[in-house]
Structure formats: structure tokens, C-alpha cells
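K.L.:
Have a look at this one.
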Amino acid sequence: MRIPGFHYRRVTVADGVALNVATAGEGDPVVLLHGFPQTHLMWRHVATDLAADHTVICPDLRGYGDSDKPADTDGHTYSKRTAAGDVVALARLLGHDRFALAGHDRGALVATRLGLDHPDAVTHLALLDVLPTLDTWEVLHGVTASVAFHLYLMAQPPGLPEQLISAAPDAFFGHFLDTWTRSPDAIPPEVRAAYLAASRDAVTSIVADYRASAGVDVEHDTADKRAGHRLTMPVTVLQQDWGAALGYDATARWRAWADDLEHTTVSCGHFMAEEAPADIVKALRDLMNR
């Protein structure tokens with residue numbers, strides 16, 4: 001599936017890694033990074049609106065969708081630092097040294113890392129329904145952590161997670177598409193089928209992405225926290241009320257990382273760019289006007 005009106009191409013961003021990317025529009029650039037278990041299609045409503053007056057860039061992250069899925073040979077292949085480097089290279093190859101950036105779920109983790117590693121490249125940063133990797137592990141305790149069972153499953157050494165998920169991929173990935181949304185109509189059957197097909201073909205790389213978040217990504221976040229590195233650009237965070245559910249102060253968690261923060265709790269489900277696209281567009285436009 002494609003976003004109507006968008007131009008598609010493959011762009012080589014690293015040795016042996018090309019990203020599938022959809023682009024449209026003219027004006028100040030904005031890059032949109034998708035989450036799990038999705039592809040760039042999750043931005044279809046938001047991207048079409050923003051393309052009226054922005055250059056919109058929607059890639060599939062490495063390991064997802066129609067982008068390349070290199071083997072993870074060293075534990076760093078799917079680090080958020082590596083994925084962030086892909087996005088910076090992609091934007092530059094498309095002619096943009098600076099851009100606004102929005103990420104959802106896994107894409108938000110990549111976007112956070114990009115903002116920390118490449119602050120001069122990011123004019124504005126929007127993060128949808130995540131905490132930084134380090135904070136995510138810190139707030140999961142006891143039985144409430146069962147909501148994030150997939151984090152623990154995919155953190156295991158190579159072999160078992162891939163085998164278990166590959167045995168019933170549609171049941172596994174479909175579980176999240178079904179239970180994380182409050183508006184089932186937001187992901188119509190044809191889009192759901194596209195997400196399942198893409199995920200079914202990417203089990204190994206998706207697991208590697210999550211495994212990195214239990215290893216090297218934690219190391220990178222810890223080093224930044226100790227060094228006092230922060231997000232210096234205007235930041236908007238939109239989240240479900242996970243703080244109330246799991247017993248932490250979500251705004252405080254993000255304020256520890258961001259100098260200029262607007263944190264908003266939303267009433268829709270996890271897939272907010274599909275469930276409440278008008279609200280997301282407004283939040284992004286407000287952010288880019290700050």
C-alpha cells in the first residue's frame with residue numbers, strides 16, 4: 001500500500017542499507033517515523049495534511065516495511081543510534097540538513113536518540129506515546145509490567161523469541177493492533193493486512209530492534225544521562241495516561257530530558273496518528289510554530 005499523492009523511492013543511507021521512503025509537498029521539511037507493528041503508512045492522514053505546506057518525508061525504518069533488513073552481527077545494527085544515523089543521512093541526501101521530526105512508538109525512540117546525537121539537525125521534535133528507553137525499563141515493576149510482556153520476550157538472546165513469534169506472527173502482531181487501539185475503525189482491514197504482512201516478513205529484524213533496547217540503547221541513554229545531555233530543541237510529547245496506570249510522573253520523566261517541553265495526555269489509544277489525526281496535525285503545527 002502507498003500514501004496517495006506521495007512519491008516513492010529507495011535511498012541508500014548506509015553500507016548495504018536502503019530505506020523505502022515516501023515524499024510529498026514543498027516547504028520546511030518534516031520527517032515522520034513510524035512505530036510497531038507498523039510502517040510509514042501509519043502517517044497517511046497526518047502526512048497528507050502536512051504536505052499542503054511542508055516537505056514531508058516518511059521512511060520505513062531499517063528492519064521494517066520495504067526497507068532493508070540487514071543481519072544483526074554486533075548488537076549495534078538495530079540500535080537507535082544507528083537508525084537515527086539512517087534518518088540524518090536520508091534527509092541530507094534529499095537536500096535537508098535541518099528538519100522537524102516526529103516519531104511514534106519505536107520511531108519516537110529513534111527520534112529521541114537523533115535529537116540527542118544530532119541536535120543541530122532537528123528544529124522541532126514530537127514524540128508520541130513513549131518514554132526514553134532508560135526510563136521505560138525503570139518504571140516497569142511487578143505485575144503492571146505485564147502490559148509490556150513483548151519487551152521482555154524480545155530482550156532474550158537470539159533464537160527463542162524469533163522461533164516463538166514466527167510460529168504465529170499474525171496472532172502476535174495482530175494482538176497489539178487489536179488491543180492498543182480504542183477505535184478499531186482507525187486501522188481498516190486493508191491497512192491491518194499490510195501491517196501484518198510487513199511484520200510477518202520482518203520478525204528477525206523487529207526482534208533485533210527490541211533486543212537493542214534492552215542492551216546498547218540503555219547504554220547510550222545511561223551515558224547521556226550521566227553526561228547531562230538533553231534535548232535542546234522545542235519538544236512536544238503526546239502520551240496516553242501511562243503514568244497513572246503504572247505509577248510514575250510522565251511529565252517529570254520527560255522534563256529530565258527536555259529543556260523546552262510541552263507534555264499532553266491524550267484520550268485516544270496508542271495509534272493516535274490514525275485514531276485522532278486532526279489532533280496530531282494540530283499538535284505538530286503548533287510545535288513547528290514555537
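K.L.:
With a 1.4 Å probe and all protein chains left in place, how much accessible area per residue does segment 27-82 have, in Å²?
P.N.:
For segment 27-82, the solvent-accessible area averages 30 Å² per residue.
K.L.:
Net charge near Asp185, counting Lys/Arg +1 and Asp/Glu -1 over other residues with Cβ under 10 Å of its Cβ? Please list the in-between numbers first.
P.N.:
Details: positive: none; negative: Glu274, Glu275.
Counting the neighbours of Asp185, the net charge comes to -2.
K.L.:
In Å and on Cα atoms, what radius of gyration and Dmax does segment 85-186 show?
P.N.:
Gyration radius and largest Cα-Cα distance of segment 85-186: 16.8, 48 Å.
K.L.:
Something else: Taking θ = phi - 60°, what integer Hz values does the Karplus form 6.51 cos²θ - 1.76 cosθ + 1.60 yield along segment 102-116, in sequence order, with x for Gly and Pro?
P.N.:
Per residue, the Karplus-derived 3J(HN,Hα) values read 10, x, 10, 6, 4, x, 6, 5, 4, 5, 4, 4, 4, x, 7 Hz.
K.L.:
Among the lysines, select those whose C-alpha is under 18 Å from the C-alpha of Lys80, and discard any that sit fewer than 8 residues away in the same chain.
P.N.:
Lys69, Lys225
K.L.:
Would you mind telling me the share, in percent, of accessible area of segment 1-125 contributed by carbon and sulfur at probe 1.4 angstrom?
P.N.:
47 percent
K.L.:
When the convex hull of the Cα atoms of segment 135-222 is projected onto a plane and the area is averaged over all directions, what value comes out in nm²?
P.N.:
Mean shadow area of the hull around the Cα atoms is 6.6 nm².
K.L.:
Quantify, in whole percent, the carbon and sulfur part of the accessible surface of segment 132-209 (1.4 Å probe; protein heavy atoms only).
P.N.:
Answer for segment 132-209 is 63 percent, counting heavy atoms of protein chains only.
K.L.:
What are the equivalent ellipsoid semi-axes of segment 1-47, built from the alpha-carbon gyration tensor (square roots of five times its eigenvalues), in whole angstrom, biggest first? Show your work: numbers first, answer last.
P.N.:
Numbers: eigenvalues 66, 43, 23 Å².
Gyration-tensor ellipsoid for segment 1-47: 18, 15, 11 Å.
K.L.:
Per residue, what accessible area does segment 162-290 have, given a 1.4 Å probe and all protein chains present, in Å²?
P.N.:
45 Å²
K.L.:
Still on this structure: With +1 on each Lys and Arg Cβ and -1 on each Asp and Glu Cβ, and nothing else charged, work out how big the dipole of the chain is about its Cα centre, in Debye to the nearest 20.
P.N.:
Dipole size: approximately 180 debye.
K.L.:
Highest mean first, what order results for 100-110, 147-157 on Cβ atoms within 10 Å?
P.N.:
Going from most to least packed, we get 100-110, 147-157.
K.L.:
Continuing with the same structure: Could you tell me which residue out of His150, Cys268, Gly103 lies farthest along the dipole of the chain toward its positive end? Charges go on the beta carbon: Lys and Arg +1, Asp and Glu -1, centred on the Cα centre.
P.N.:
Gly103
The values are calculated or read from the model by the stated rules, or taken from the named source; none is laboratory data. Keep in mind that what you see is a predicted model, and the values were worked out from it rather than measured. Reconstructed Cβ throughout: ideal geometry from the backbone, glycine too, with neighbour counts over all protein chains shown. Side chains are part of the model used for accessible areas, which takes the heavy atoms of the whole protein and leaves out ligands, DNA and RNA. Shrake-Rupley method; radii C 1.70, N 1.55, O 1.52, S 1.80 Å.
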